[in-house]
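Asker: Structure below; questions to follow.
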Amino acid sequence: MAHYESDMLYGSTLDPYGSSIPGCSLQIGAGLHVSLRPIPTLIGLMRPCSLDVSAQLLRTRAFIDGRWVSAASTFPVLDPATGEEIAKVSDCGTMEAQDAVNAAYKAFHLWKNHTAKERSILLRKWFDLINQHKEDLAKLITAECGKPMKESIGEMTYSASFLEWFSEEARRVYGDIVAPSAKDRKILLLKQPVGVASIITPWNFPSAMITRKVGAALAVGCTVVVKPAEDTPLSALALAELSVQAGIPPGVFNVVPCSREKTPAVGELLCTDPLVAKISFTGSTATGKILLRHAAGTVKRVSMELGGHAPFIVFDSADVDKAVAGAMVSKFRNSGQTCVCSNRFLMQSGIHDAFMEKLVKAMDAELKLGHGSEPATTQGPLINTRAAEKVENQIADAVAQGAVIVRGGKRLEGSFMQPTLLSNVNTDMQCMREETFGPLIPVVKFNKEQEALAIANASPVGLAGYFYSRDISQIWRVAEQMEVGMVGVNEGLISTTETSFGGIKQSGIGREGSKYGIDEYLEIKYMCLGGLSL
């Protein structure tokens, strides 16, 4: 694979995950026994892809105060399907992060004074540019994240939609005039931007998780410093390039990529610096708790979209075909690496066998493992070998406790994992207690509605949940009793720009997207105008 040399710094080529990828031989995890035939078809599993994108979008240096900035060292970005290096990216430290915060703080005092219409127009231009370059941006996602191109194109449509939405919401930030208790005064409630926002994003949606946060922040007059995930910085830097072309002023949008080794120090600075007023983070609950502790020292505003462990319940009254289709999209999108991915599958006894039979057929027919650049691929690699090992360990644990592998079950070369279906699962197994973030469906059989709800709610997290039923009374009961922030009823794909995204319990704080997402970047100021003559 050619290494792109423009705008690059050079360093040693390392694989931080210790992957050795000589070919495509299969290896089976210890203690796993595959019943029935394994899936899916393999199509060019380890085929390297050429990163054929516009040179202007392949940026590898930090973006601070409107300039492309080199750091003292670089880190490699790897294709998760092959382990090959795609590019070397500037490895920013606390010095670069501090520069970005300072630039954002300086720019804030100018940006907040732009009219809402002016900010709206610039966000709309950014939206238009993303749509113009959608295919190249999708290629970057597939190269560094591994997801199939069809899904990457879908992510770019989703990403752009947030800039469009918030460009429109920018002009709809309204305060209030409140009836006063005294006759000689007026009461006004003003909405103002909070200030500089630190935006810390994950690798599974390397573009959409940025625009969902940044679109809202910029719309109301905040400025931002983005720290993208170390696995996927190229998408963030490409967005920075397009922000320049859109006319976003210097310092308003900054990007500081860094390696896994430097992430703790950079993250701490972005959460403790007194010039930062707001933190928005998407990632694990464990990391979110660390950032919350950092934020406490200066009492910063926070938005946290943290881990999930979504239940997927199918009741006897459900339409089986729709439930199977919902399970396929909810579980296997991005190879099971989504925050709202279904993890715990609960089947009522009367429908269990029919569901399993049809799900097996759907998995056999629809799932194809391969490099994300292959047109027929539906299942790309997991982000790294550690992710594959987690799925492998969950399968081994379940089998050791009596689960039966109905489909898949094999760990393949590198970070590829066969989509796997388990039956005879119980709630003590790791896959029922821990978020998987991989292509594993563990199925538990239940008898009564309250039994399913008890299992579904027996989790410290509550991001999303799904269930299938044609009983209207049951639909209302279950939707209201599920302890999650988002419920899909007879639908497995629920994310959309117009709706609020977020969880309850340890799945986070605040909401993103929708008209409510913009409130996360606003302060309400009470203004009492007294001494008025009557």
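Asker: Name the pairs: first residue in segment 348-359 and within 18 Å of residue 450 (Cβ to Cβ), second residue basic (Lys, Arg), Cβ to Cβ under 9 Å, at least 6 apart or on different chains?
Answerer: Hits for this filter: 348/445; 348/448; 349/445; 352/445.
Asker: Under 7 Å between Cβ atoms, at least 6 apart or on separate chains: pull out the pairs that start in segment 465-487 with a residue that is at negative phi and open to solvent by 70 Å² or more (accessible area, probe 1.4 Å) and end on any residue that is modelled with pLDDT of 95 or more and part of a helix (DSSP H, G or I).
Answerer: What qualifies is 481/453; 483/457.
Asker: Any residue that is part of a loop (DSSP other than H, G, I, E, B), under 23 Å from the mean Cα position of the chain (by Cα) and under 27 Å from residue 325 (Cβ atoms) - is there at least one of those in segment 456-466? Lay out the reasoning, then the answer.
Answerer: Filtering segment 456-466 down to residues part of a loop (DSSP other than H, G, I, E, B) leaves 458-460, 463.
Okay, now just the ones that are also under 23 Å from the mean Cα position of the chain (by Cα), so 459-460, 463.
Then drop every residue that is not under 27 Å from residue 325 (Cβ atoms), which leaves 459, 463.
Checked against the condition, which is being part of a loop (DSSP other than H, G, I, E, B), under 23 Å from the mean Cα position of the chain (by Cα) and under 27 Å from residue 325 (Cβ atoms), segment 456-466 yields at least one hit.
Asker: Looking only at segment 112-127, count every residue that is closer than 11 Å to residue 243 by Cα and open to solvent by 60 Å² or more (accessible area, probe 1.4 Å) and tell me the total.
Answerer: First pass over segment 112-127, keeping only residues closer than 11 Å to residue 243 by Cα: 122-127.
From what is left, the residues that are open to solvent by 60 Å² or more (accessible area, probe 1.4 Å) are 124-125.
Residues in segment 112-127 being closer than 11 Å to residue 243 by Cα and open to solvent by 60 Å² or more (accessible area, probe 1.4 Å): 2 in total.
Asker: Continuing with the same structure: Just checking, how many residues over segment 516-530 are open to solvent by 80 Å² or more (accessible area, probe 1.4 Å) and of a type in the set (Ser, Thr, Tyr)?
Answerer: 2
Asker: Continuing with this model, one more query. Give me the pairs: first residue in segment 285-297 and within 14 Å of residue 510 (Cβ to Cβ), second residue part of a helix (DSSP H, G or I) and modelled with pLDDT of 95 or more, beta-carbon distance under 7 Å, and six or more apart or on different chains, which are they?
Answerer: These pairs meet every condition: 291/267; 291/271; 295/271.
Asker: Quick one: would you say residue 199 is open to solvent by less than 10 Å² (accessible area, probe 1.4 Å), assigned to a strand (DSSP E or B) and touching a strand residue (DSSP E or B) at 6+ places or on another chain (Cβ under 9 Å)? Lay out the reasoning, then the answer.
Answerer: Values: open to solvent by less than 10 Å² (accessible area, probe 1.4 Å): yes; assigned to a strand (DSSP E or B): yes; touching a strand residue (DSSP E or B) at 6+ places or on another chain (Cβ under 9 Å): yes.
Judged against the criteria, residue 199 is a match.
Asker: Now for a different question. List every residue pair whose Cβ atoms lie under 8 Å apart, where the two residues are 6 or more positions apart in sequence or sit on different chains, the first residue falls within segment 430-458 and is open to solvent by 40 Å² or more (accessible area, probe 1.4 Å), and the second residue, located anywhere, is basic (Lys, Arg).
Answerer: Pairs that qualify, where the first residue is open to solvent by 40 Å² or more (accessible area, probe 1.4 Å) and the partner is basic (Lys, Arg), are 437/390.
Asker: Is it fair to say residue 52 is open to solvent by 50 Å² or more (accessible area, probe 1.4 Å) and modelled with pLDDT of 55 or more?
Answerer: Numbers: open to solvent by 50 Å² or more (accessible area, probe 1.4 Å): yes; modelled with pLDDT of 55 or more: yes.
Yes, satisfied.
Asker: A follow-up question, please. Within segment 147-168, does at least one residue satisfy the condition of being touching a residue at least 60 places away in the same chain (Cβ under 8 Å), assigned by the TED database to the domain that holds residue 83 and part of a loop (DSSP other than H, G, I, E, B)?
Answerer: Within segment 147-168, one or more residues are touching a residue at least 60 places away in the same chain (Cβ under 8 Å), assigned by the TED database to the domain that holds residue 83 and part of a loop (DSSP other than H, G, I, E, B).
Asker: Tell me, which helices (runs of 4 or more DSSP H) lie completely within segment 257-359 with 2 or more residues that are at pLDDT 95 or above, crowded, with 22+ Cβ neighbours inside 10 Å and within 15 Å of the chain's Cα centre (by Cα)? Before you say what the answer is, go through the steps one by one.
Answerer: Values: elements: 263-272, 285-296, 320-332.
Ranges flagged: 320-332.
Asker: Oh, and also: Pick out the one residue from 244, 214, 224 that is open to solvent by 10 Å² or more (accessible area, probe 1.4 Å), in contact (Cβ under 8 Å) with a residue 12 or more places away in the chain and not in a loop (DSSP other than H, G, I, E, B). Reasoning before the result, please.
Answerer: Working: 214 fails: open to solvent by 10 Å² or more (accessible area, probe 1.4 Å); 224 fails: open to solvent by 10 Å² or more (accessible area, probe 1.4 Å).
Exactly one residue qualifies, and that residue is 244.
Asker: Here's another thing I want to ask about it. Starting from residues that are surrounded by 15 or more Cβ atoms within 10 Å (Cβ to Cβ) and either among the aliphatic types (A, V, I, L, M) or without any contact (Cβ under 8 Å) to a residue 12 or more places away in the chain (or both), keep the ones in segment 169-179 and report whichever is nearest to residue 119 (Cα to Cα).
Answerer: 170
Per-residue answers, yes or no, for (1) at pLDDT 95 or above; (2) acidic (Asp, Glu); (3) in contact with a strand residue (DSSP E or B) (Cβ under 6 Å, 6 or more places away or on another chain); (4) farther than 30 Å from residue 379 by Cα:
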site: 119; (1), (2), (3), (4): yes, no, no, yes
site: 131; (1), (2), (3), (4): yes, no, no, no
site: 138; (1), (2), (3), (4): yes, no, no, no
site: 151; (1), (2), (3), (4): yes, yes, no, no
site: 154; (1), (2), (3), (4): yes, no, no, no
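Asker: Something else: Considering only residues that are touching a Phe, Trp or Tyr at 6+ places or on another chain (Cβ under 6 Å) and among the polar types (S, T, N, Q), look in segment 365-415 and name the one that is surrounded by the fewest Cβ atoms within 10 Å (Cβ to Cβ).
Answerer: 384
Condition check ((1) aromatic (Phe, Trp, Tyr); (2) assigned to a strand (DSSP E or B); (3) open to solvent by less than 40 Å² (accessible area, probe 1.4 Å)) across all residues:
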| site | (1), (2), (3) |
| --- | --- |
| 60 | no, no, yes |
| 68 | yes, yes, no |
| 77 | no, yes, yes |
| 81 | no, no, yes |
| 87 | no, yes, yes |
| 96 | no, no, yes |
| 100 | no, no, yes |
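Asker: For residue 282, work out the one condition from (1) in contact with a Leu (Cβ under 6 Å, 6 or more places away or on another chain); (2) under 25 Å from residue 142 (Cβ atoms) it doesn't fulfil.
Answerer: So the condition that residue 282 fails would be (1).
Asker: Can you name every residue in segment 500-510 that is in contact with a helix residue (DSSP H, G or I) (Cβ under 8 Å, 6 or more places away or on another chain), in a loop (DSSP other than H, G, I, E, B) and either closer than 17 Å to residue 342 by Cα or open to solvent by 60 Å² or more (accessible area, probe 1.4 Å) (or both)? Reasoning before the result, please.
Answerer: Going through segment 500-510, the residues in contact with a helix residue (DSSP H, G or I) (Cβ under 8 Å, 6 or more places away or on another chain) turn out to be 500-501, 506-508, 510.
Now restrict to residues that are in a loop (DSSP other than H, G, I, E, B): 500, 506-507, 510.
Result: 506, 507.
Asker: Follow-up. Output the residues belonging to segment 128-164 that are of a type in the set (Asp, Glu) and open to solvent by 10 Å² or more (accessible area, probe 1.4 Å). Walk me through it before giving the result.
Answerer: Initial filter on segment 128-164 (of a type in the set (Asp, Glu)): 128, 135-136, 144, 151, 155, 164.
Scanning segment 128-164 gives 128, 135, 136, 151, 164.
The values are calculated or read from the model by the stated rules, or taken from the named source; none is laboratory data. Computed from a predicted model, the values in this text were never measured in an experiment. Heads up, the Cβs are rebuilt from the backbone with ideal geometry, glycines too, and the neighbour counts pull from every protein chain shown. These accessible areas exclude ligands, DNA and RNA; they are computed on the full protein's heavy atoms, side chains included. Shrake-Rupley method; radii C 1.70, N 1.55, O 1.52, S 1.80 Å.
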